[in-house]
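A quick write-up on the structure given underneath.
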Amino acid sequence: MQPRILEVRTKILKKNDELARDLRTRFADQGVYVINVVSSPGAGKTELLTALMRELREQGVRVAAVVGDLATENDAVRLEQSGCKAHQILTGTMCHLEADMVENALEDFALAELDVVLIENVGNIVCPQSWDLGEDLRMLCFPSTEGEDKPLKYPTLINTCDLVALTKMDLAEIVEFDTELATRNCDEARPGVPVLRTSGKTGAGIPELARFIRDRAWSKAQVESRLGARSA
Ligand SMILES: Nc1nc2c(ncn2[C@@H]2O[C@H](COP(=O)(O)OP(=O)(O)OP(=O)(O)O)[C@@H](O)[C@H]2O)c(=O)[nH]1
Ligand SMILES: [Mg+2]
């Protein structure tokens, strides 16, 4: 039975990869920069993204969010407190988002009128890693409250990430989080990955994170418009 199960999984992943590739092309055509935000449950994704969207909006970046949860609209409601639009995806029993769910959710948005789309994935430290959503950047939220060794114990997700946001840094001292060791562990699991220190509660590190994203979004838009001009 085992080989048959693997065969089916391969087919589903292939279909997802094809759709993700189409989404990536669409995002490039529309000049929108897309970030897939992953973490364990409760790592502070929604808190961070709400603060981040507020900051990006104040900097003149047009941003919206898509968020996946098994149940409730809670996170979309919280994200909209930033003043930006958010769309909730309910996954039922699924522990990750898939490209077709994102594609359907995006029907709510005029992509050409956005600079950045943030996708808050379902809180899960393993499942989202093999599901490409067509994103430009995958960001792991790693909270101070989880302990420094988590990137080493659960390497699969960080292995696919381009950026780590250490979250809940306002609690670091209280829980005796060794930030230097955690940063070294991130680097061991994913050599060279940038690590930013943040707190959605206090706003620490949010301007730096917003700048990081804005710089990448602008450079993508410049490259795409140059390519567009060349092919026109
Ligand atoms: N002290 C502190 N608490 C935080 C911070 N960020 C989030 N929290 C708290 O941690 C809990 C979980 O935060 P969420 O933002 O809901 O985490 P999440 O990763 O979006 O959770 P799921 O979507 O359920 O996976 C909430 O009680 C937040 O108030 C932070 O920076 N500092
Ligand atoms: Mg959340």
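Bear in mind these aren't lab numbers, they're just calculated from the coordinates by the rules spelled out. All values reported here derive from a predicted model rather than from experimental measurement. Here the Cβ is made from the backbone with ideal geometry for all residues, glycine too, and neighbour counts use every protein chain on show.
Below, the figures for the structure above:
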| quantity | calculated |
| --- | --- |
| Label-point separation in nm, Ile174 to Thr145, each point 7 Å along Cα→Cβ | 0.8 |
| Full-extension gain in nm, Asp22 to Cys127, via 0.36 nm per residue minus C-alpha separation | 35.6 nm |
| Projected-area average for region 27-100 over all orientations - Cα convex hull basis, square nanometres | 5.3 |
| GluC sites (Glu not before Pro) within region 6-50, DSSP loop, no more than 13 other Cβ atoms inside 10 Å | none |
| Disulfide-incompatible cysteines by the Cβ rule (no partner under 4.7 Å) in the chain | Cys84, Cys141, Cys161, Cys186 |
| Estimated vicinal HN-Hα couplings, Hz - region 160-174 in sequence order (Karplus 6.51, -1.76, 1.60; Gly, Pro = x) | 9, 9, 9, 7, 10, 9, 6, 10, 6, 5, 5, 9, 4, 5, 4 |
| Extension gain (nm, one decimal) between Thr72 and Met94, 0.36 nm per residue minus Cα-Cα | 6.5 nm |
| Rounded, prolate or oblate (a/c below 1.5 giving rounded, otherwise prolate when a/b exceeds b/c) for region 1-146 by Cα gyration tensor | oblate |
| Cα centroid separation, region 139-174 to region 38-77 (Å) | 17 |
| In order through region 66-72: 3J(HN,Hα) via Karplus (6.51 cos²θ - 1.76 cosθ + 1.60), integer Hz, x for Gly, Pro | 10, 9, x, 9, 5, 8, 6 |
| Shape of region 68-220, Cα gyration tensor, a/c cut at 1.5 | prolate |
| Gyration tensor (alpha-carbon) shape descriptor, region 62-101, a/c threshold 1.5 | oblate |
| Proximal aspartates and glutamates to Lys14, defined as alpha-carbon separation beneath 13 angstrom and excluding residues fewer than eight positions away on the same chain | Asp22, Glu98, Asp100, Asp132 |
| Percent RCO, i.e. relative contact order, over the chain, from Cα pairs under 8 Å lying at least 6 residues apart | 25 |
| Relative contact order (%) - criterion: Cα under 8 Å, at least six apart; region: region 97-232 | 20 |
